[in-house]
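The values are calculated or read from the model by the stated rules, or taken from the named source; none is laboratory data. Fair warning: this is a prediction, and the values are worked out from it, not measured in the lab. Cβ: placed from backbone, ideal geometry, glycine included. Neighbour counts: every protein chain shown. Ligands, DNA and RNA are excluded from the accessible area calculation, which covers all protein heavy atoms including side chains. Shrake-Rupley method; radii C 1.70, N 1.55, O 1.52, S 1.80 Å.
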Amino acid sequence: MYREHWPLVCGFLLRRTRDPHLAEDLAQETFVKATRALLGWRGENPAAWLLRIARNVLIDHVRRARRELALPAPEELGVPPLHVASLDVRDALERLPERHRRLLVLVYFEGFSLAEVAAMTGRNHASIKTAVWRARTAFAEIYGDQND
């Protein structure tokens with residue numbers, strides 16, 4: 001399990017911490033906790049289970065450190081300045097069905113890759129790619145209708 005899922009867990013933590021050394025330390029802690037919890041594992045998707053543990057390890061680390069993770073500047077991410085259009089986006093997201101909204105939030109707001117979303121949901125990469133495409137199409141229709 002370690003060899004197969006190390007890149008996924010470490011990559012997940014690296015995107016959140018932006019510190020390769022810290023990400024590796026937290027990934028090691030994730031696998032230690034997973035090993036200790038292996039008897040309680042219910043046979044669910046191992047990648048999703050490990051990502052949940054990694055997320056909890058990261059939360060524990062932040063709580064212990066009592067500091068916030070540094071976020072990149074909006075310009076670095078290519079995000080336009082906040083203005084009225086962002087409120088329209090939020091409104092359009094709220095009008096989407098829950099399954100579409102959740103996928104779009106995971107991919108575009110929380111930064112999960114399609115492979116990570118597939119692992120978390122227990123679905124294959126191709127079905128997630130299709131579902132995200134459908135969610136974007138539904139979003140575009142709602143967003144276009146409210147801005148006409």
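Spin-label pair residue 19-residue 115: with each label point 7 Å from Cα along the Cα-Cβ axis, the two points sit 2.5 nm from one another. Amide H contacts under 5 Å for residue 96: none, restricted to partners 5 or more places along the chain or on a different chain, H placed in the peptide plane at 1.01 Å from N.
For region 3-62, the per residue solvent-accessible surface stands at 58 Å², with DNA, RNA and ligands left out and a 1.4 Å probe.
The accessible-area ordering, largest first, of the residues 93, 14 stands as 14, 93, per a 1.4 angstrom probe. Run the simple label-point estimate for residue 129 and residue 87 please: 7 Å along Cα→C-beta, distance reported in nm. Computed distance between label sites residue 129 and residue 87 equals 3.9 nm. Accessible area per residue was computed with a 1.4 Å probe on protein heavy atoms; residue 55 scores about 130 Å². Sorted largest first by accessible area at a 1.4 angstrom probe radius, with every protein chain in place, the residues 2, 108, 143 fall in the order 108, 2, 143. The largest accessible area among 100, 21, 125 belongs to the first residue in 21, 125, 100, and the rest follow in falling order (1.4 Å probe, all chains). For residue 133, what accessible area in Å² do you get when you roll a 1.4 Å probe over the heavy atoms of the protein chains, rounding to the nearest 10? Accessible area of residue 133: about 140 Å².
Within the assembled protein chains, the solvent-accessible surface assigned to residue 98 is about 110 Å², based on a 1.4 Å probe.
Phi angles across region 45-58 convert, under the Karplus curve 6.51 cos²θ - 1.76 cosθ + 1.60 with θ = phi - 60°, into 3J(HN,Hα) values of 4, x, 5, 5, 4, 5, 5, 5, 5, 4, 4, 5, 4, 5 Hz, Gly and Pro given as x.
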